[in-house]
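J.: Submitted below is the structure of interest, expressed as structure tokens.
The values are calculated or read from the model by the stated rules, or taken from the named source; none is laboratory data. Predicted model, so just to flag it, every value in this text is computed and none were measured. Glycine also receives a Cβ, built like all others from the backbone with ideal geometry; neighbour counts cover every protein chain displayed. Accessible surface areas use protein heavy atoms only, side chains included; no ligands, DNA or RNA. Shrake-Rupley method; radii C 1.70, N 1.55, O 1.52, S 1.80 Å.
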Amino acid sequence: MKSEGVTVNFYLGIDGGGSSLKALLGDENKKIIGAIKSGPVNYQSAGLEKTKANFASLFNYCENYFKVAIGDIKCICLGCAGANNKQDKMIYANMIKELGYKGKLLIYNDAYIALVGANGEAKGAVLISGTGSIAYGISKDGKHVRVGGWGHIIGDEGSGYAIGRDALNAITRSIDGIIPQTKLTEAILNKLNISNLDELITFVYDPNTQKQHIAELSPIVIEKACEDRIAAKIVDDAVNNLWQMVYGLKIKMDMDSFNLSLSGSILTETDVIRKKIIKKLNEELPQIQITMGKYKPDYGALTIAWAEAAI
């Protein structure tokens with residue numbers, strides 16, 4: 001992009017969560033130009049084709065709405081739930097390059113950009129519970145350590161997905177007579193606009209049903225926790241799993257005291273689980289300082305991109 005003959009460089013910070021992509025576009029003067037949203041970009045759950053299309057939508061929006069072409073972007077920092085190893089990062093790098101991007105590309109696990117955003121620097125720790133879950137921190141010798149983040153098939157304890165999945169399991173178990181009846185049955189069937197168990201099973205095993213759709217059931221469980229003991233147990237189990245993740249992280253970090261920021265929709269947009277986990281941590285690990293964080297993950301990614309350019 002040029003202004004009065006002067007070329008302006010732009011920087012893009014991307015938070016590629018399990019449910020959606022959120023990005024911030026900034027310029028070389030550390031001014032935020034605007035925010036962009038797109039669909040999920042975790043290729044392991046959304047698939048390669050859909051993930052690439054959602055990245056393309058992001059770049060198209062930058063060009064059509066902000067008049068910033070892909071060639072005007074000097075550095076992109078992508079924090080993505082699906083970027084856990086060199087192979088994952090290579091897949092993302094190739095995908096974005098195939099869309100025409102030729103600038104600097106930094107790729108991290110989404111927990112790292114959340115930590116930088118929440119704490120304002122690469123220091124301390126963050127507990128994330130959104131669609132998925134992970135605890136991530138910087139140890140006293142500067143190493144990056146993590147607990148959780150293993151995905152919805154073998155992990156994601158305490159996440160929105162896990163809460164929604166456990167609710168669906170509770171519904172089937174209550175219908176089978178294994179556990180008492182629960183108010184979750186009627187509430188979730190109404191949410192999904194279905195009327196019976198057969199339709200529920202069709203929803204669960206529909207190839208188009210992604211983990212974010214299961215996670216979208218979690219607010220119902222949290223809402224019913226005050227009046228339904230099955231929902232209350234699911235919430236308490238989620239809190240206990242998140243607490244265990246923080247305890248494991250503390251051991252890996254080898255630090256008695258550090259700042260822990262809470263991030264993700266389950267911890268930032270609902271009071272019930274946030275208050276319960278804060279109470280549990282204060283009782284069990286009072287030396288850890290708990291905060292709600294300074295900035296969101298997409299801003300953390302943008303600050304990393306700016307830092308790479310020494311801005």
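J.: I'd like the residue in region 293-311 that is among the hydrophobic types (A, V, I, L, M, F, W, C) and either touching a residue at least 60 places away in the same chain (Cβ under 8 Å) or touching a helix residue (DSSP H, G or I) at 6+ places or on another chain (Cβ under 7 Å) (or both) and, out of all such residues, is nearest to Glu121 (Cα to Cα). Break it down into steps so the answer makes sense when it comes.
T.: Within region 293-311, the subset among the hydrophobic types (A, V, I, L, M, F, W, C) is 301-302, 304-307, 309-311.
Adding the requirement that they be either touching a residue at least 60 places away in the same chain (Cβ under 8 Å) or touching a helix residue (DSSP H, G or I) at 6+ places or on another chain (Cβ under 7 Å) (or both) leaves 301-302, 304-306, 309, 311.
Values: Ala301: 11, Leu302: 12, Ile304: 9, Ala305: 13, Trp306: 13, Ala309: 16, Ile311: 15 Å.
Selected residue: Ile304.
J.: When you check Ile163 against the structure, is it modelled with pLDDT of 95 or more and either open to solvent by 50 Å² or more (accessible area, probe 1.4 Å) or under 30 Å from Asn84 (Cα atoms) (or both), yes or no?
T.: yes
J.: Out of the residues in region 166-176 that are open to solvent by less than 60 Å² (accessible area, probe 1.4 Å) and not hydrophobic (A, V, I, L, M, F, W, C), which is nearest to the chain's Cα centre (by Cα)?
T.: Going through the qualifying residues, I end up with Asp166.
J.: What are the residues in region 261-289 that are open to solvent by less than 70 Å² (accessible area, probe 1.4 Å) and within 29 Å of Gly26 (Cβ to Cβ), if any?
T.: Ser261, Leu262, Ser263, Gly264, Ser265, Ile266, Leu267, Thr268, listed by residue number.
J.: Determine whether Lys67 is in contact (Cβ under 8 Å) with a residue 60 or more places away in the chain and surrounded by fewer than 22 Cβ atoms within 10 Å (Cβ to Cβ).
T.: Working: in contact (Cβ under 8 Å) with a residue 60 or more places away in the chain: yes; surrounded by fewer than 22 Cβ atoms within 10 Å (Cβ to Cβ): yes.
So Lys67 passes the test.
J.: With modelled with pLDDT of 95 or more and under 23 Å from the mean Cα position of the chain (by Cα) as the only criterion, which of Ala238, Ala215, Ala232 stands out?
T.: Ala238
J.: Also, quick follow-up: Sort through Leu115, Leu78, Leu127 and tell me the only one that's part of a helix (DSSP H, G or I) and closer than 24 Å to Thr268 by Cβ.
T.: Checking each option against the conditions leaves just Leu115.
J.: OK, next. Pick from Lys37, Lys89, Lys50: which is under 22 Å from the mean Cα position of the chain (by Cα), free of Cβ contacts under 8 Å to residues at least 60 places away in the same chain, in a helix (DSSP H, G or I) and under 19 Å from Pro297 (Cβ atoms)? Explain how you work it out, then say what you get.
T.: Numbers: Lys37 fails: in a helix (DSSP H, G or I); Lys50 fails: under 19 Å from Pro297 (Cβ atoms).
Answer to the check: Lys89.
J.: Specify which of the listed residues (Thr182, Thr209, Thr202) is buried (at least 18 other Cβ atoms within 10 Å of the Cβ) and either of a type in the set (Gly, Ala, Ser) or on the phi < 0 side of the Ramachandran plot (or both).
T.: On the way: Thr209 fails: buried (at least 18 other Cβ atoms within 10 Å of the Cβ); Thr202 fails: buried (at least 18 other Cβ atoms within 10 Å of the Cβ).
Exactly one of Thr182, Thr209, Thr202 is buried (at least 18 other Cβ atoms within 10 Å of the Cβ) and either of a type in the set (Gly, Ala, Ser) or on the phi < 0 side of the Ramachandran plot (or both), namely Thr182.
J.: Just to check your reading of the model, which residue among Lys50, Lys86, Lys102 is surrounded by fewer than 18 Cβ atoms within 10 Å (Cβ to Cβ) and closer than 28 Å to Ser139 by Cα?
T.: Values: Lys50 fails: closer than 28 Å to Ser139 by Cα; Lys102 fails: closer than 28 Å to Ser139 by Cα.
It is Lys86.
J.: Which ones in region 112-129 are over 20 Å from Gly26 (Cα atoms) and modelled with pLDDT of 90 or more?
T.: Gly124, Ala125, Val126, Leu127, Ile128, Ser129 - these are the residues of region 112-129 that are over 20 Å from Gly26 (Cα atoms) and modelled with pLDDT of 90 or more.
J.: Name the helices (runs of 4 or more DSSP H) wholly within region 252-311 that hold at least 1 residues that are over 20 Å from Asn240 (Cβ atoms)?
T.: Once the helices (runs of 4 or more DSSP H) in region 252-311 are filtered for at least 1 residues that are over 20 Å from Asn240 (Cβ atoms), what remains is 297-308.
J.: Residues of region 179-212 being among the β-branched types (Val, Ile, Thr) and either under 21 Å from Ser159 (Cβ atoms) or at pLDDT below 90 (or both), which ones?
T.: Thr182, Ile188, Val204, Thr209
J.: Would you please name the residue that is least open to solvent (accessible area, probe 1.4 Å), looking only at residues in region 227-260 that are more than 18 Å from Asn169 (Cα to Cα) and charged (D, E, K, R)?
T.: Lys250
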